[in-house]
Structure formats: structure tokens, C-alpha cells
Amino acid sequence: MAMRIGIDLGGTKIEGIVLAPDGAEMVRERITTPQDDYQGTLAAIVDLISKLEKSVDKQCSIGIGMPGSQSRATGLVKNSNSICLNGRPLHRDLESMLGRSLRFANDADCFALSEASDGAAAGAATVFGVIVGTGTGGGLVVNGRLVSGPNGITGEWGHNPLPWPQSDELPGPECYCGLFGCIETWLSGPGLSRDHYHAHGKKMQPVTISQCAELGDRKSRDTMKRYADRMARGLAGIINVIDPDVIVLGGGISNIKSIYKDVPLLWGRYVFSDRVDTQLVHAKHGDSSGVRGAAWLWPV
């Protein structure tokens, strides 16, 4: 049985991992991502893969998690916040340089696949993985298989409007996608900080807001209350459409413990059911889920 390499291509770092057939981690390496340098990024990935394979003395299957996705129409990268990748044939270029087939997926898809394979949602039939950090993304895994869809955008819930908006939430903050009121503008880390600043005139990082809320600061508690309700509305829309067994949270915001208690208490008012059995859980593998999920893109 083959070993697997997973590559997590990020804006600031490229991480690689080698997994044994049973999912055990063999080797892990991290390098800095060449900034605004497409050719440099290609070379860095190839060098990292070479180093990983030399460390285990085997040729491995290779899966790559990336920001954005590959256009089904052109084969070029789209929707990546690493701008130098957009409009580039990343898949074709790397396959040509390495001389073998590769598998690619969006980084949020890799996160979801990791947690569904051997993480917090292992064994669940339908898993929706959510990353809430600098941005807000998601991925869907059904019966152990990643669902990408005909447009390659399954799970992009962050670029839907916040459901059931209140009057003071309209039209909503402007999103980099060109629209207003996207879920990402409310639930991302910058979105949480911006909401606190607009409400109370104080610039604070999300972790500080949550810590102050736990210590009883009224303004911070009000901000976290608004955030929990918006998260409940956003995830209720997912439950109403997909009805997943488990929703797994990752990214920086996922470390706020109150979310796992407060959001399920609120989402029942928005879910079209007499009860909600969907579980909301924290990622088991944390920041490692993306790179592990990339490795899991290849079947056993």
C-alpha cells in the first residue's frame, strides 16, 4: 500500500506531510511561500515533494490543497486569495514538472476530508467542514468522498448572504468578491473585529474579544452574542439544505469555546425541523487538517 504526500499551499507557508497507509504521520516539513512569484512557488513545491520522498525513500501519491479552485472551463486557478495563482495552470504545470498525476482540492475541502477521514467527524455519513479564520470557507464530504460539484465550488457558504438579516445588518459590509453582506464579512476573524469596532469604537482581535467576554466585559459579551446568532443563522442555512450529521469547525475562530455551546442553542429557531440532531464539533487535527486532507485525496 502506497504512502501519501499532502501539500498545503498557503499564502505564507507551504506545508508537506507524508502519511503511512494507516494514516500515521511519517514526516512533516514547512517552508516559506515565495511571495507573488508563481514560478518560484512551483519550484518550491517540487523541491519540497522531492525532500519528502527522499526522507521515506519511496515514491508517494501526491495531493495538493490550495486556496481557490481549478476552473472546470479553463483548467486555470480561480478565486484564490494568493493572487499570483489566479489564471495559472497550476495543476498542469506541476504534473508536467513532476511527471505524474496529482490530485488537487480547495484547502477547505481538504480540511473537511481530513476531519471526516480520521478526525472529529470520523464515521459520520455527511460532514460539513467549516474554516473560520481570515476568511470563511467550507467543504462537504458524503460517505467518505469529497463532493466538489460541477463548478468546483461546493461548500463556498461564505459567499452567500447572511440569512435572515436584521435591518441594521443591511446592506452589509462590502466583500472582496464585489457583493455586500456575504457570510464571510460577518463570521471571519476580521469580520468579528470589525463588528466590535463599529459597535463599541474599540479595535480588538477576536481572541481578545472572546477572552474579555468570558471575564464579564459587557461590550465584548454583546459582540460575541451577535456573533453566535449570526453563526447560528449561517449554519442553519447549511442544515436546511444539506442536513449534515456533523459540522466541524476549524480556523482561528474555531478555538473560541463558547461557540460550541451557544450556537446549537440558537440555531433551532432557524432550522426547519422540530429538533436538530446535527453535532457541532471542534476539529481534531487543528491546523494540520488541511495538509492531512490533501494526502487523503488519494484512496486507500
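The values are calculated or read from the model by the stated rules, or taken from the named source; none is laboratory data. Just so you know, these numbers come straight off a predicted model, no measurement behind them. As a convention, Cβ positions derive from the backbone with ideal geometry for all residues, glycine included, and neighbour counts pool all protein chains shown.
Structure data summary
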| quantity | calculated |
| --- | --- |
| Qualifying positions in the range 110-148 - surrounded by fewer than 24 Cβ atoms within 10 Å (Cβ to Cβ) and in a loop (DSSP other than H, G, I, E, B) | 120, 122, 123, 124, 125, 133, 134, 135, 143, 144, 148 |
| Qualifying position, being closer than 26 Å to residue 46 by Cα, touching a residue at least 40 places away in the same chain (Cβ under 8 Å) and under 15 Å from the mean Cα position of the chain (by Cα), among 120, 105 | 105 |
| The range 265-300: number of residues that are over 15 Å from residue 250 (Cα atoms), assigned to a loop (DSSP other than H, G, I, E, B) and among the hydrophobic types (A, V, I, L, M, F, W, C) | 7 |
| All helices (runs of 4 or more DSSP H) inside the range 149-232 with 1 or more residues being in contact (Cβ under 8 Å) with a residue 60 or more places away in the chain and crowded, with 18+ Cβ neighbours inside 10 Å | 183-187, 189-200 |
| Candidate set from the range 1-33 (those that are hydroxyl-bearing (Ser, Thr, Tyr) and loosely packed, with under 13 Cβ neighbours inside 10 Å); member that is farthest from the chain's Cα centre (by Cα) | 32 |
| Options 49, 62: the member that is among the β-branched types (Val, Ile, Thr), in contact with a Leu (Cβ under 6 Å, 6 or more places away or on another chain), assigned by TED's automatic domain parsing to the domain that holds residue 15 and over 15 Å from residue 148 (Cβ atoms) | 62 |
| Residue within the range 85-102 that is surrounded by fewer than 22 Cβ atoms within 10 Å (Cβ to Cβ), free of Cβ contacts under 8 Å to residues at least 60 places away in the same chain, in contact with a Leu (Cβ under 6 Å, 6 or more places away or on another chain) and part of a strand (DSSP E or B) present | no |
| Residues (among the hydrophobic types (A, V, I, L, M, F, W, C) and either outside any loop (DSSP other than H, G, I, E, B) or touching a Leu at 6+ places or on another chain (Cβ under 7 Å) (or both)) located in the range 65-81 | 66, 77 |
| Any hit, the range 118-136, residues being in contact with a helix residue (DSSP H, G or I) (Cβ under 7 Å, 6 or more places away or on another chain) and among the acidic types (Asp, Glu) | no |
| Condition check for residue 55: touching a residue at least 60 places away in the same chain (Cβ under 8 Å) and more than 24 Å from residue 138 (Cα to Cα) | no |
| Test for residue 68: is it under 14 Å from residue 100 (Cβ atoms) and assigned by TED's automatic domain parsing to the domain that holds residue 96 | no |
| Residue within the range 191-210 that is within 18 Å of the chain's Cα centre (by Cα), closer than 24 Å to residue 167 by Cβ and modelled with pLDDT of 95 or more present | yes |
